Amino acid sequence: MKVRAWFELALAVVAAVAGIVTFVYPTWFETLFEASPDEGSGALEWAFAIALIATSVVLSFLARRDFQRLVVPEA
């Protein structure tokens with residue numbers, strides 16, 4: 001359970017950083033893959049950034065729950 005909590009926390013941090021980078025530099029993956037699937041509209045970048053931030057929030061809550069279970073074991 002302890003490893004799982006740390007893994008969730010690490011993934012939450014990675015997702016948050018990637019989401020923030022996507023908000024600041026939205027075309028990073030278009031530059032990386034040399035393709036523009038949304039043809040420059042920016043819709044894909046916004047969807048990607050929002051999905052990363054949402055993933056980060058969910059993983060943060062899961063990690064918090066797991067850490068709380070480690071501190072206060074269930075009866």
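Worth pointing out:
- Some residue of the range 14-26 being over 30 Å from residue 66 (Cβ atoms) and surrounded by 13 or more Cβ atoms within 10 Å (Cβ to Cβ): yes
- A single entry from 52, 32 fulfils the requirement of being surrounded by 14 or more Cβ atoms within 10 Å (Cβ to Cβ), assigned to a helix (DSSP H, G or I) and not hydroxyl-bearing (Ser, Thr, Tyr): 52.
- Selection status of residue 62, free of Cβ contacts under 8 Å to residues at least 60 places away in the same chain and surrounded by 12 or more Cβ atoms within 10 Å (Cβ to Cβ): yes
- Residue list for the range 21-69, restricted to those being polar (S, T, N, Q) and closer than 28 Å to residue 2 by Cα: 55, 56, 60, 68
- Residue within the range 38-45 that is polar (S, T, N, Q) and modelled with pLDDT under 85 present: yes
- Within the range 19-47, the residues that satisfy the criterion of being over 22 Å from residue 58 (Cα atoms) and small (Gly, Ala, Ser) are 35, 36, 40, 41, 42, 43.
The values are calculated or read from the model by the stated rules, or taken from the named source; none is laboratory data. Source: prediction; values computed, not measured. A quick note on method: Cβ atoms are made from the backbone with ideal geometry, for glycine too, and the neighbour counts reach across all protein chains shown.
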